[in-house]
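Just below is one structure, and these are the notes that go with it.
The values are calculated or read from the model by the stated rules, or taken from the named source; none is laboratory data. Please read these numbers as outputs of a predicted model, since none were measured by experiment. Cβ atoms come from the backbone with ideal geometry, glycine included; neighbour counts cover every protein chain shown.
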Amino acid sequence: MEQGTTIWLTGLSASGKSTLAEKLTDFLNNNGDKVQLLDGDIVRDEIGGMFGYTRDERIKAANVYRVMAKLLNENGINVVVAAISPYEEIREANRNRIQNYIEVYVNCPIEECIRRDPKGLYNRALKGKEKHVAGIDEKFEIPKNSDIVVNTFDESVEESYFRIIEFLKNEDIGIIMKNI
């Protein structure tokens with residue numbers, strides 16, 4: 001059985017990770033590839049809020065996403081993960097433990113993320129009503145080794161999406177890109 005690939009989108013809340021992850025998942029499904037989307041917000045909700053947002057809890061949550069992705073990959077299923085993953089230690093562990101790992105840094109300035117703020121997260125954090133918000137009172141470490149960086153402030157969703165697809169097309173990662 002062929003090993004699956006994990007495409008891990010990291011970036012601040014409201015940077016566009018989930019939007020891009022959904023488009024990538026749809027593309028891979030339409031391409032005939034087996035694929036599973038693991039969106040950090042959805043997984044957290046589904047497992048009953050077991051993890052909060054402190055550094056230790058974020059690392060534990062990322063460990064769960066990583067194990068899920070790795071198990072799915074070992075069964076030939078590609079995985080698209082959309083998770084803030086604010087610490088280099090998380091991303092380095094992914095790179096070391098997931099065989100076919102592609103890291104996408106969804107770069108967007110905090111000011112634009114605050115402007116977008118679809119969940120009201122930044123607004124609550126700035127008013128002191130929310131704690132442990134990456135980019136506000138929790139650190140977000142800019143990725144050092146991303147395979148591709150998309151800039152969702154300067155690029156449209158479509159431009160960022162097509163840049164990721166083009167990158168995947170040029171990599172030898174086991175995903176068959178027949179619908180490009």
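Just a few scattered comments:
- Where a residue in region 10-23 is within 22 Å of K131 (Cα to Cα) and its partner, wherever it lies, is part of a helix (DSSP H, G or I) and of a type in the set (A, V, I, L, M, F, W, C), with Cβ under 7 Å and at least six apart: L12/I110; L12/C113; S13/C113; S13/L121; A14/C113; S15/C113; G16/V157
- Residue within region 35-43 that is over 25 Å from P109 (Cβ atoms), modelled with pLDDT under 95 and either touching an Asp or Glu at 6+ places or on another chain (Cβ under 8 Å) or in a helix (DSSP H, G or I) (or both) present: yes
- Matching residues, region 106-127, being in contact with a Gly (Cβ under 6 Å, 6 or more places away or on another chain) and outside any helix (DSSP H, G or I): V106
- Out of D39, D45, sole residue that is charged (D, E, K, R), out of contact with any Pro (no Cβ under 8 Å at 6 or more places or on another chain) and without any contact (Cβ under 8 Å) to a residue 40 or more places away in the chain: D45
- When the residues of region 150-180 are filtered to those that are buried (at least 16 other Cβ atoms within 10 Å of the Cβ) and within 18 Å of N100 (Cα to Cα), the one that is modelled with the lowest pLDDT is M177.
- Tabulated pairs, region 102-120, first surrounded by 15 or more Cβ atoms within 10 Å (Cβ to Cβ), second of a type in the set (F, W, Y) and part of a loop (DSSP other than H, G, I, E, B), C-beta under 7 angstrom, 6+ apart or interchain: C108/F153; P109/F153; E112/F153
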